[in-house]
Amino acid sequence: EAVLVYSPDRLARNYAYQVVVLEELQRAGCAVIFLNHAFDQSPEQQMLLQMQGVFAEYERALIGERTRRGKLFAARQGHPNLGGCAAYGYRLVRKTETLPQQLLIEDSEATVVRQMYRWLVEEQLSSHAIQKRLTEQQVPTRGQNTQGWCQSTVIEILRNPAYRGEAIYNRYQARDAQRPRMERGHKDRHPGNLGSRQERSPAEWITVPVPALVDPELWRLAQEPLARNREEATRHN
């Protein structure tokens, strides 16, 4: 019979979406009741509802811009800002009144990371072979994962420059996704989808020193087989 919504910005942060959702609900005979304000069908109240939707979209853009600027400011000050989630092998310590946010080494996970780099460089194992060996040896993942390690996670760890002691910020920017994804094809590839990312110019990167888990030379040597395996992968040929 009715949908209870706290306020218009809880229904949608995009004004166009708000209009469409409200219209579809009303067409189905379902009333929409906003708890913070009783909007009726008068032109004045409908105009106020629309204005709140516009301001909600504006506020969303402001929040995103402020968050981006805050992260870049912290990076330029040399402070790691990971959004509350440290990479595998590290532990994030929140800032206090006297100390800034810190990134500390998690010894048990750091041992696994170093082993993965040795397997890649010394034994010339592929990322798939490393993933399989980690799963067979029942090396625990950080989260609760009954399927074991993922190959994409292994590749991400082996490519992350933070493990050589350099966390890079402002490296990527959002862009429209071009290639189809599985059975959805091009359905979700509309202009402005921003479903992908592209690398910025290295001059725009911000490098922040962090505790290194592997020797920089070992990290560099690991990138060569990764690049070679990527070129020879079946999906690229």
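Tabulated results
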| read-out | value |
| --- | --- |
| Calculated FRET efficiency for the pair His128/Ile63, C-beta based, R₀ 35 Å, to 0.05 | 0.30 |
| Amide H contacts under 5 Å for Tyr90, placed H, 5+ residues apart | Glu106 |
| Among (i) 74, 51, 38; (ii) 98, 44, 21; (iii) 70, 53, 29, the entry that matches Cα extents along the principal axes in Å as calculated here | (i) |
| Segment 1-132, relative contact order in percent, only Cα pairs under 8 angstrom and at least six apart counted | 17 percent |
| Ile206/Cys85 FRET efficiency (R0 22 Å; Cβ-Cβ; nearest 0.05) | 0.70 |
| Extension reserve of the Glu24-Ala2 stretch, reckoned as 0.36 nm per residue once the Cα distance is removed | 6.7 nm |
| The chain - mean residue ellipticity at 222 nm from DSSP helices (-39,500 (n - 2.57) per run, n ≥ 4, rounded to 500) | -14000 deg cm²/dmol |
| Calculated FRET efficiency for the pair Gln144/Asp176, C-beta based, R₀ 35 Å, to 0.05 | 0.55 |
| For Ala167, distant residues with modelled amide H under 5 Å away | Val208, Val210 |
| Over the chain, relative contact order from alpha-carbon pairs under 8 Å, at least 6 apart, % | 16 percent |
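Values quoted throughout were computed directly from the atomic coordinates according to the rules given, and no laboratory measurement underlies them. A quick note: this is a predicted structure, and the numbers were derived from the prediction, not measured. Every residue, glycine as well, gets a Cβ built from its backbone with ideal geometry; the counts of neighbours run over all protein chains shown.
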